[in-house]
Structures are given as structure tokens and as C-alpha cells.
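K.L.:
I'd like to ask some things about the structure below.
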Amino acid sequence: MDIASNGIKIHVKDNGNGNPALVFLHYWGGSSRTWDGVTGELSGQYRTVAIDHRGWGDSDAPEHGYAIVDLANDAEGVIEALNLRRYILVGHSMGGKVAQLLASRRPAGLAGVVLVAPSPPSPTVLPDERRAAMSHAYDTRESIAWVLENVLTAKPLDPVLREQAINDSLRGAPSAKIAWPNAAMLEDIAAEVAAINVPVMVIAGEQDQVDRVETLQTELLPRIANARLHVLPGTGHLSPLEAPAALAALIQQFVVELPA
């Protein structure tokens, strides 16, 4: 389904029923279907709402407007349009940084946050050559396959999921591909995330080369009062594709343990 939000069309996969709803925000290079393996495990018990960020999947791709605040406003508009009364934000990587900013606003109905291999709230500073390489990482099938196999995952993906990930990254709008490494990942929202006042679970991949466990322990956990860390063994950055069942089980455990 398509929802008008923040002046553009945002594509959403809305499945299942149940309270609270789970709102999923994907990584730079992914789409709402990145979460299919996770939502497939959970939509029998919960309503799952997976969003295509602007410039990715089937959402609109404006030329400008790819700051973290823009993505957070898009997601907040979807939540309001769907009239979600009680929900949990589940954000992966770039989507995790978006979830942090949105949660810092203390929106009505927010019951908790799950951050999956999240980009930290502090700026991610890289050497110029690495940033330039990131800007072109999703240019071709070959470049995407190399990044998948050498950076993003700790073990080979199922061939169908590998093809899905390649196609999602290829489809991304040029403006969306460039915005993250050159601007959004450099944004500093550390002061804002201190305002988060709901339970937060951080799920890190033991072998994540992008947002490493040590980085999250120093740059994220001390800044969010209610955050606790769980490490997925043998997993890289793309746990929604590498270990969807294990990830879904952790999310379900988090939901069950939330205060009524």
C-alpha cells in the first residue's frame, strides 16, 4: 500500500494483527522486503508495518530531503496515517539511526525500540577514500555482490535473498545512494537520543564489520538510559537476511517483556 507522508508517497507492507504493532525501518541499500523473513515469523501474532524509505523500494524518490530528520518525518507520518495507538520501532543500520531520532521525540504510542546493527547517533567518520568507495558501492551488480560478500555478511546468503539484496540496492535512487555516506551518516543526534524514555534493545552481529559491537558499546549504549545489548553469534551486519528467525525470536522476547 502507498501512504502520503511528509509530502511524498511512502510504500508500506502492512500485515497481520495484534498489539503492539511493529514498525520496521530498513538499512541503506535495502527495502521493506529486507524484513520479510522476520515479519513472516511475527505477523501471526503482531501487526507488522515495513516501510520503504524515500528513494528505496517503491517509495517516491525526491531529488532532495535525505537527512535523518526527513526519514524520521516520513515514518512518523506513516504511523499517524495508520493510527497506530501502541507500537514498537524496529530499525536496522540507517533505519536504526532514524528510529533513534524518532524515538527521541517521545511520540504518543511508542512502547519500545529495537535497534538492529544500528548506526550510532554520533557521526560515523571515514577516510575520504572509504567514503568515496561507499558512494559507488551500489553502482553495479558486481560492486554490490562484492560488498555483500566481503563487508555486509558473515556467511553466504541464500541465493534468493542474495539476488533480492542486489536488486534492492540497484533500484535505489542516486540521491538516496549518495546521501547516506556523504551526509546522513555524519549527522550528530547524540544529544537528542538522550531523551529516549522507553525500553530499548540493541541487537548486534558478533561479526559485524560496519557497526561493530565495540562501537555500539562506546557510541550508543552509554547515551540511551534504557538500552540493553544482545549479540547474535556468527552474524554480520545483515541479520534480517542472515538470521531472520533468531532476530524475530529476540524481538518477540522484547515485546513480551515490555511493561503492560
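Bear in mind these aren't lab numbers, they're just calculated from the coordinates by the rules spelled out. Just so you know, these numbers come straight off a predicted model, no measurement behind them. Here Cβ is always computed from backbone atoms with ideal geometry, including for glycine, and neighbour counts include all displayed protein chains.
K.L.:
To make sure I understand, if each residue's beta carbon is the centre and we count other beta carbons within 10 Å, what order do Thr39, Thr218 fall in, fewest to most?
P.N.:
Ordered by Cβ neighbours within 10 Å, fewest first: Thr218, Thr39.
K.L.:
While we're looking at this one, here's another question. Grab the beta carbon distance between Ser175 and Ala145, set R0 = 22 Å, and tell me the FRET efficiency rounded to 0.05.
P.N.:
0.45
K.L.:
Still on this structure: Once the convex hull of the C-alpha atoms of the range 132-260 is built, how many Å³ does it hold per residue, rounded to a whole number?
P.N.:
Cα convex hull per residue, to the nearest whole number: 131 Å³.
K.L.:
Run the simple label-point estimate for Ala67 and Lys9 please: 7 Å along Cα→C-beta, distance reported in nm.
P.N.:
Taking the two extended label points, one gets 2.7 nm.
K.L.:
Under a no-solvent Debye model with one identical scatterer per Cα of the range 199-260, what's log10 I(q)/I(0) at q = 0.12, 0.16, 0.24, 0.30 Å⁻¹?
P.N.:
Calculated log10 I(q)/I(0) at the listed q: -0.30, -0.52, -1.03, -1.25.
K.L.:
Would you list which lysines come within 29 Å of Lys9, measuring only between C-alpha atoms, while excluding same-chain residues fewer than 8 positions from it?
P.N.:
Partners within reach: Lys97, Lys177.
K.L.:
Most mobile of Pro121, Pro20, Pro233 per a Gaussian network model of the chain (Cα springs, under 10 Å)?
P.N.:
Sorting by GNM fluctuation, first place goes to Pro233.
K.L.:
In terms of Cα to Cα distance under 16 Å, which aspartates and glutamates are near enough to Lys155, apart from those fewer than 8 places away along the same chain?
P.N.:
Straight-distance partners of Lys155: Glu163, Glu206, Asp208, Glu242.
K.L.:
Moving on. Given the options Asn167, Asn226, Asn83, state which has the largest fluctuation in a GNM of the chain using a 10 Å cut-off (strictly under) for Cα springs.
P.N.:
Per the Cα network of the chain with a 10 Å cutoff, Asn83 tops the list.
K.L.:
Another question, if that's okay. Which is the longest run of the chain containing none of the trypsin sites (Lys or Arg not before Pro) found in DSSP loop states (not H, G, I, E, B) with at most 14 other C-beta atoms within 10 Å?
P.N.:
Value returned for the longest uninterrupted segment is 106-260.
K.L.:
Separate question: How big is the Rg/Rh ratio for the range 2-257, C-alpha atoms only, Rh by Kirkwood, two decimals?
P.N.:
Reported Rg/Rh (Cα atoms, Kirkwood Rh): 0.92.
K.L.:
Continuing with this model, one more query. If the elastic network links every pair of Cα atoms under 10 Å, which of Leu126, Leu250, Leu152 fluctuates the most in the Gaussian network model of the chain?
P.N.:
Of Leu126, Leu250, Leu152, the most mobile in the Gaussian network model is Leu126.
K.L.:
Put +1 on the Cβ of each Lys and Arg and -1 on the Cβ of each Asp and Glu in the range 2-257; which of Ile178, Ala108, Leu22 then has its Cα farthest toward the positive end of the dipole?
P.N.:
Of the candidates, Ala108 comes out farthest on the positive side.
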